[in-house]
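This report concerns only the one structure given below.
The values are calculated or read from the model by the stated rules, or taken from the named source; none is laboratory data. It should be emphasised that the depicted structure is a prediction, and the values quoted were computed from it without experimental measurement. Using ideal geometry, Cβ is built from the backbone for each residue, glycine included, and neighbour counts are taken over all protein chains shown.
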Amino acid sequence: MRLRICLTCVLGALLCLPVAGHCSLSINEIMGDPASDWDGDGDYNYRDDEWVELFNGGPGHVNLGEYLLGDDQGLRTFGWEDGEVLSEGEALVIYGSQSLAWQQEHDESSYGFGLSNDGDCVVLWQLAGDDTLLVDTHTFNTHEADDDRSTGRNPDGTGDWEIFDALNPYGGTTPPLGNGLPPTPGWPNLDDPPSGARARSWGDVKALFR
């Protein structure tokens, strides 16, 4: 499917500037340089264990079939079927292995998320008729994308971006700074995540205790 993208959205994506969202769905946390088996398949793979978390801040549920994940170079990295829903207050984690499988199924360039350890940009698009609207973007820097560091909003959806660096502490002074918390795919991005707060894979849990 060829997407017609408005000029403003293209320029915003290329610059990777924050854009006012058209709904409550937002990019919430990113793992750009995994060093552990985050997708829980029993094997570590630098591509498959990357992940991006989305968060629905509400009100109401979101039809994920109206959205696409991509980057600022035009690569489409993940989409959903119409009718797939994310409820208010819930997070959803997409792993690089899922991104690769989706790209192969939809005849897209098959790179997974392809997140660079030198910094990169993640883009969330909303499909609106024949147009594709830029909902949210986040650019992460080199120091955010070090082994098993994630960068995320604290608190979910509305907070400032911080580095979740418990597995690989960041001692520098360049923002965003580390918060001493472990990466939290599927768990709330504040303080110590309560047990069972959201579903996570065994790979996620193992990584917290390496």
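Determine whether Gly157 is of a type outside the set (Asp, Glu), within 19 Å of Leu54 (Cβ to Cβ), in contact with a strand residue (DSSP E or B) (Cβ under 9 Å, 6 or more places away or on another chain) and in a loop (DSSP other than H, G, I, E, B).
The answer is yes for Gly157.
Of all residues in the range 160-188 being aromatic (Phe, Trp, Tyr) and in a loop (DSSP other than H, G, I, E, B), which is nearest to Leu92 (Cα to Cα)?
Trp187
What tally of residues in the range 117-147 results from selecting those that are within 14 Å of the chain's Cα centre (by Cα) and buried (at least 16 other Cβ atoms within 10 Å of the Cβ)?
Qualifying residue count for the region: 14.
Does Asp39 satisfy the condition of being touching a Gly at 6+ places or on another chain (Cβ under 8 Å) and assigned to a loop (DSSP other than H, G, I, E, B)?
Considered against the rule, which asks whether it is touching a Gly at 6+ places or on another chain (Cβ under 8 Å) and assigned to a loop (DSSP other than H, G, I, E, B), Asp39 comes out as yes.
Scan the range 86-101 and report the pairs whose first residue is hydroxyl-bearing (Ser, Thr, Tyr) and surrounded by fewer than 19 Cβ atoms within 10 Å (Cβ to Cβ) and whose second residue is outside any loop (DSSP other than H, G, I, E, B) and modelled with pLDDT of 95 or more, with Cβ atoms within less than 8 Å and a gap of 6+ or a chain change.
Close Cβ pairs (under 8 Å, with a partner that is outside any loop (DSSP other than H, G, I, E, B) and modelled with pLDDT of 95 or more) amount to Ser87/Asn56.
Every residue in the range 67-80 that is outside any strand (DSSP E or B) and modelled with pLDDT of 95 or more, please.
Trp80
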